[in-house]
Amino acid sequence: MTTLDEIAGHFGQYGGRFVPEALIGALEELDAARIKAQTDPTFIAELAELHRTYTGRPSILTEAKRFAEHAGGAQILLKREDLNHTGSHKINNVLGQALLTKRMGKKRIIAETGAGQHGVASATAAALMGLECVVYMGEEDTKRQALNVARMKLLGAEVIPVTSGSRTLKDAINEAMRDWVTNVETTHYMLGTVAGPHPFPSMVRDFHKIIGEESREQVLALTGKLPTAVLACVGGGSNAIGIFHRFISDPEVRLIGLEAAGDGVETGRHAATITGGTPGVLHGNRTYVLQDENGQTIESHSISAGLDYPGVGPEHAYLHDIGRAEYRAITDAQAMHAFALLCKTEGIIPAIETAHALAGALQIGNELGPDAILLINLSGRGDKDVHTAAQYFGIPL
Amino acid sequence: MSTPLDDLFVKVRSENRAALIAYIPAGFPTIEGCKKVIQAFVEGGVDAIEIGFPYSDPVMDGPTIQAAADQSLSQGTNAADVFAALKVATDSGVPAVVMTYWNPIEKYGVEKFAQSIAANGGSGVITPDLTIEESTGWKSAVEKNEINPIYVVAPSTSAQRLPQVTSRCGGFVYAASLMGVTGTRAAVSSGAPDLVARIRETTELPVAVGLGVSTREQAKGVAGYADGVIVGSAFIKAMQDAPNEAEGLKSVKELAQQLSLGVREGR
């Protein structure tokens, strides 16, 4: 279902293709492959079977009653993408892209990763399908997420620490693009979020929209109603677009994206691109960007490596501008409060990325009160963040 | 109306040789040092100069130009510095263009950017990540200001797409000699002559080859089939490898002299 202006890969003024000419052929090849696959019963059945027997779909819906006591008594429903194989929503996209890679006859995939979730998912899909896998990861992030680096290596991937620029996710994407320009004939770039040049924002969304499709049915079955609001954290925005998309045509459902405010948007040390950025071009698409007056990208800051990105998917930029979705910023401190609260009230350790959505639920629940039904995308589990959280809360290791 | 760059290619064609086009990012090694590099280019006999607008996320550039851009940006290089460097080049009588990723143009203002290029005597702008599909606003800005829009084509550009891109170009067509990022290489890609031949089937415009050229021999080889030879990373390396700025400038001038012989030996 295409409810948005998606002509030639644009969402209003956003999206498009701003890439070296060398990549155009590969982007067109990919676009043709994904369009063909969308209506190919063999592809659809293959992916559905993988999701059933490998990912563990459909993911369940958990009602968080004790957590809800802190959220104004609103009904809190968690879409448990953390229970997917590899521990986050990222697997939805990589399995789809890995199948496309095989169809295009390519044998090697490259990926970028911030928190390591997409890198782990990519390495997993590559292992499953017998593809060579190289993951680019900012050197700073390899230190913050050493456990995920080890996981990727165990899965047979090569992890290349990126030492250019700010040594985080944005530089990992730059380095992956350079690899792709050089090796495009044999290599597929398994981009991990709904950003990048067309067709990535549309394709990655389409692989994640199953989250919203399943949860819409699940919420209706449980409550007999549509949710009052759907909440998700937004870095690049893949889990958010995945859960939002099916609800875009339900105007009564509020769509709320929670960005990372880091130390606070007013401090300049944040990753809240829509809240604190301006329209520009980064990594192949026009979108909101954290940039200075010369158009140079400003480094983002967040306790969450997965949200630490100075751009955002172009469809989010569009949903914001037309007023269909709202975006709020959650500080590190607010996110970590919600993180601890979910651990202690529900026995679920969320990813720190996801904790931003949970902090949003605390705010929105208190604003709307007990009649509200809030659907939250619990996009990832927090095992990878235990070290960071222990340090944050002063738990000796 | 023709730009100084258009006139240059008429001249080098009449001399039956290729043009040497030298690249330096504004603000490298310093804002003042860049102006001295431009002077060394002129003294070394380059035919045209490309001033780079350093950018935080240069996905088409290899480690050498990335490091130069970082060094330049750490000194706060901005659009005004780029135009000042451009003016140093054009004031010395050498045709000059700016090479930049798209976002700095968009942030500066598309129309205003083209105006500033023209106001500083610039002949055009090379835009390595602006696809023709996104170039509508830019097309009218360059036409209005009578400067050359220079697009890059790659070995992977399809036969169907090639004329669409070259018909948008002015000044010359930038042929990326290989699939990859900027940087010096032991040999110029064997695919380059093929690409140039394919481009010539679509346009009368001059064709300049970039990516991987660093020596007189390589320049001579490329000059055998192209109208222009673009050298960037080799000049930056000459500055980076020198013990001090004066020595670096000397190497830049010597390299320019060698390459300038090379572009005259190809045919």
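Comparison of A:Lys143, A:Lys107, A:Lys90, A:Lys102 shows that the only residue that is under 19 Å from the mean Cα position of the chain (by Cα), of a type in the set (D, E, K, R) and open to solvent by 20 Å² or more (accessible area, probe 1.4 Å) is A:Lys90.
Could you say which residue among A:Ile364, A:Ile348 is touching a residue at least 12 places away in the same chain (Cβ under 8 Å) and not in a helix (DSSP H, G or I)? From the options A:Ile364, A:Ile348, the qualifying one is A:Ile348.
From the list A:His387, A:His356, which one is crowded, with 24+ Cβ neighbours inside 10 Å and farther than 20 Å from A:Val219 by Cα? From the options A:His387, A:His356, the qualifying one is A:His356. A:Glu217 satisfies every condition listed in (1) under 17 Å from A:Ile376 (Cβ atoms); (2) in contact (Cβ under 8 Å) with a residue 12 or more places away in the chain; (3) outside any strand (DSSP E or B) except (2). In the range A:230-242, the condition of being touching a helix residue (DSSP H, G or I) at 6+ places or on another chain (Cβ under 8 Å), within 19 Å of A:Asn93 (Cβ to Cβ), of a type in the set (A, V, I, L, M) and assigned to a loop (DSSP other than H, G, I, E, B) is met by at least one residue. When restricted to residues that are assigned to a strand (DSSP E or B) and farther than 23 Å from A:Ile210 by Cβ, the range A:368-397 contains 0.
Among the residues making up the range B:187-210, none is closer than 18 Å to B:Gln66 by Cα and either among the aromatic types (Phe, Trp, Tyr) or open to solvent by 10 Å² or more (accessible area, probe 1.4 Å) (or both).
In the range A:129-197, which helices (runs of 4 or more DSSP H) lie fully inside it and hold 3 or more residues that are under 18 Å from A:Asn93 (Cβ atoms), within 11 Å of another protein chain (Cβ to nearest Cβ) and without any contact (Cβ under 8 Å) to a residue 40 or more places away in the chain? Steps first, answer last, please.
Working: elements: A:139-144, A:146-154, A:169-183.
Filter on the range A:129-197 gives an empty set.
Across the range A:311-343, what is the total count of residues that are among the hydrophobic types (A, V, I, L, M, F, W, C), touching a residue at least 60 places away in the same chain (Cβ under 8 Å) and open to solvent by less than 40 Å² (accessible area, probe 1.4 Å)? Give the derivation first.
Kept after step one, since they are among the hydrophobic types (A, V, I, L, M, F, W, C), are these residues of the range A:311-343: A:312, A:317, A:319, A:322, A:325, A:329-330, A:333, A:335-336, A:338-343.
Within this subset, residues satisfying the condition of being touching a residue at least 60 places away in the same chain (Cβ under 8 Å) are A:312, A:317, A:319, A:322, A:325, A:329-330, A:335, A:341-342.
Those left that are additionally open to solvent by less than 40 Å² (accessible area, probe 1.4 Å): A:312, A:317, A:319, A:325, A:329-330, A:335, A:341-342.
Within the range A:311-343, residues that are among the hydrophobic types (A, V, I, L, M, F, W, C), touching a residue at least 60 places away in the same chain (Cβ under 8 Å) and open to solvent by less than 40 Å² (accessible area, probe 1.4 Å) number 9.
If you check A:Glu158, A:Glu175, A:Glu132 for being in contact with a Cys (Cβ under 8 Å, 6 or more places away or on another chain) and either crowded, with 20+ Cβ neighbours inside 10 Å or at pLDDT 95 or above (or both), only one passes: A:Glu158. Taken residue by residue, the range B:104-124 has no member that is in contact with a Pro (Cβ under 8 Å, 6 or more places away or on another chain), more than 25 Å from A:Pro197 (Cα to Cα), hydrophobic (A, V, I, L, M, F, W, C) and more than 10 Å from chain A (Cβ to nearest Cβ). Just a yes or no: is a residue in the range A:14-35 in a loop (DSSP other than H, G, I, E, B), among the small types (Gly, Ala, Ser), touching a residue at least 12 places away in the same chain (Cβ under 8 Å) and within 14 Å of another protein chain (Cβ to nearest Cβ)? Yes, the conditions are met somewhere in the range A:14-35.
Considering only residues that are of a type in the set (Asp, Glu) and more than 8 Å from chain B (Cβ to nearest Cβ), look in the range A:281-306 and name the one that is least open to solvent (accessible area, probe 1.4 Å). It would help to see each step written out before you state the result.
Step one: list which residues in the range A:281-306 are of a type in the set (Asp, Glu), which gives A:292-293, A:299.
Cutting the leftovers down to more than 8 Å from chain B (Cβ to nearest Cβ) gives us A:292, A:299.
Numbers: A:Asp292: 47, A:Glu299: 95 Å².
The extreme case among them is A:Asp292.
Inside the range A:161-171, can you point out the residues that are open to solvent by less than 50 Å² (accessible area, probe 1.4 Å) and at pLDDT below 95? Within the range A:161-171, A:Ser164, A:Gly165, A:Ser166, A:Thr168, A:Leu169, A:Lys170, A:Asp171 meet the criteria.
Take the range B:46-101 and flag every residue that is of a type in the set (Asp, Glu), more than 14 Å from chain A (Cβ to nearest Cβ) and touching a strand residue (DSSP E or B) at 6+ places or on another chain (Cβ under 7 Å). Talk me through it step by step, then tell me what you get.
From the range B:46-101, those of a type in the set (Asp, Glu) are B:47, B:50, B:57, B:61, B:70, B:81, B:91; that's our starting set.
Then drop every residue that is not more than 14 Å from chain A (Cβ to nearest Cβ), which leaves B:47, B:50, B:91.
Scanning the range B:46-101 gives B:Asp47, B:Glu50.
Against the list (1) outside any strand (DSSP E or B); (2) closer than 24 Å to B:Gly228 by Cα, the condition B:Gly76 fails is (2). Scanning the range B:125-166 for residues that are buried (at least 21 other Cβ atoms within 10 Å of the Cβ) and more than 8 Å from chain A (Cβ to nearest Cβ) yields a total of 11. Counting the residues of the range B:170-186 that are surrounded by fewer than 24 Cβ atoms within 10 Å (Cβ to Cβ), in contact with a strand residue (DSSP E or B) (Cβ under 6 Å, 6 or more places away or on another chain) and within 14 Å of chain A (Cβ to nearest Cβ) gives 1. A:Trp180 falls short on exactly one of the conditions (1) farther than 28 Å from A:His245 by Cα; (2) within 20 Å of the chain's Cα centre (by Cα), and that condition is (2). Between A:Arg103, A:Arg151, A:Arg66, A:Arg108, the distinction of being at pLDDT 95 or above and either assigned by TED's automatic domain parsing to the domain that holds A:Leu226 or among the acidic types (Asp, Glu) (or both) belongs to A:Arg66 only. Would you be able to say whether some residue in the range A:63-80 is within 14 Å of another protein chain (Cβ to nearest Cβ) and of a type in the set (Lys, Arg)? Looking through the range A:63-80, none of the residues is within 14 Å of another protein chain (Cβ to nearest Cβ) and of a type in the set (Lys, Arg). Selection of the range B:113-171 for residues being part of a loop (DSSP other than H, G, I, E, B) and among the small types (Gly, Ala, Ser) yields B:Gly121, B:Gly122, B:Ser123, B:Ser135, B:Ala154, B:Ser156, B:Ser158, B:Ala159, B:Ser167, B:Gly170, B:Gly171.
Is it the case that the range B:103-112 has a residue that's open to solvent by 10 Å² or more (accessible area, probe 1.4 Å), free of Cβ contacts under 8 Å to residues at least 40 places away in the same chain and farther than 21 Å from B:Trp138 by Cβ? Among the residues of the range B:103-112, not one is open to solvent by 10 Å² or more (accessible area, probe 1.4 Å), free of Cβ contacts under 8 Å to residues at least 40 places away in the same chain and farther than 21 Å from B:Trp138 by Cβ, which makes the answer no. When B:Ala89 is tested against the conditions (1) assigned to a helix (DSSP H, G or I); (2) over 14 Å from the mean Cα position of the chain (by Cα), the lone failure is (2).
For the range B:14-41, the candidate set comprises residues that are over 19 Å from B:Val125 (Cα atoms) and among the aliphatic types (A, V, I, L, M); within that set, the residue that is most open to solvent (accessible area, probe 1.4 Å) is B:Ile31. In the set (1) touching a residue at least 24 places away in the same chain (Cβ under 8 Å); (2) more than 12 Å from chain A (Cβ to nearest Cβ); (3) open to solvent by 10 Å² or more (accessible area, probe 1.4 Å), B:Val10 fails one condition alone, (1).
Among the residues of the range A:43-67, write down those that are closer than 17 Å to A:Gly360 by Cα and open to solvent by 10 Å² or more (accessible area, probe 1.4 Å).
Filtering the range A:43-67 down to residues closer than 17 Å to A:Gly360 by Cα leaves A:63-67.
Selection gives A:Glu63, A:Lys65, A:Arg66.
The values are calculated or read from the model by the stated rules, or taken from the named source; none is laboratory data. All values derive from a computational prediction rather than experimental measurement. Quick reminder, even Gly has a Cβ in these numbers, built from the backbone with ideal geometry, and neighbours come from all protein chains shown. Side chains are part of the model used for accessible areas, which takes the heavy atoms of the whole protein and leaves out ligands, DNA and RNA. Shrake-Rupley method; radii C 1.70, N 1.55, O 1.52, S 1.80 Å.
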